[in-house]
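Report on the structure given below.
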Amino acid sequence: MPKSRPQPPRPDRRRSIRGSFSWIDHRFLREGFDQGLTRLEKLLYFVLVAVCNQDGVSFYSDARLAELLDIRFPHELDGARKELVARDLIAYEGGIYQVLDLPVLSLRKGSGGSSLLPDHALRSSSSLPPVRRTALRDATSQLLQRWGWGRT
């Protein structure tokens, strides 16, 4: 017997498309494109998806994105943007963002046989592993706050 679809708790509040529309490809999570991204990098990606047009293009300024994302320092947005570009998730040129169609998965051979890894998992704009990058960012932020440079 086929499984029935779960029913929404509030059927009177089903979402409907009005005006513009955006979507997040399920592959972003299912195929691990989110793995290794910091919270800010994921949030920037999601905001760009939410504000882009049908071609994935967004004209939001850095100032507006910084305001939306509660970014304190310009290098934070720059770093998040560079990481998303390096992972082939977005393109950025002359103040214009484009959310790109997700790359196709490809087989990568590992020492214990073959494994399925997305192309983006093999490259990064940082030489540090994502966990160390995040820890370094957090430590830097804490020091700046302690020295009076952070927001109160």
For this session: Can you tell me the dipole magnitude for the stretch 25-102 around its Cα centre, using point charges on the Cβ only (Lys, Arg +1; Asp, Glu -1), in Debye to the nearest 20?
Result: 160
Seminar exercise, completed: Summing +1 per Lys or Arg and -1 per Asp or Glu among the other residues with Cβ less than 12 Å from Arg81's Cβ gives -4
For this session: May I ask you to order 75-84, 90-99 by the average number of other C-beta atoms within 10 Å around their residues, highest value first?
Result: 75-84, 90-99
Seminar exercise, completed: With all protein chains present and a 1.4 Å probe, the order of Arg15, Arg30 from largest accessible area down is Arg15, Arg30
Exercise. Around Ile90, which amide H atoms from residues at least 5 apart in sequence, or from another chain, sit under 5 Å from its own amide H, with H modelled in the peptide plane?
Worked result: Val85, Leu100
Seminar exercise, completed: The percentage of the accessible area of the stretch 17-75 (probe 1.4 Å, all protein chains present) made up of carbon and sulfur atoms, to the nearest whole number, is 54
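The values are calculated or read from the model by the stated rules, or taken from the named source; none is laboratory data. Note that the coordinates shown come from a computational prediction; the quantities given were computed from them, not determined experimentally. Virtual Cβ from ideal backbone geometry, glycine too; neighbours counted across all protein chains shown. For accessibility, only protein heavy atoms count, side chains too; no ligands or nucleic acids. Shrake-Rupley method; radii C 1.70, N 1.55, O 1.52, S 1.80 Å.
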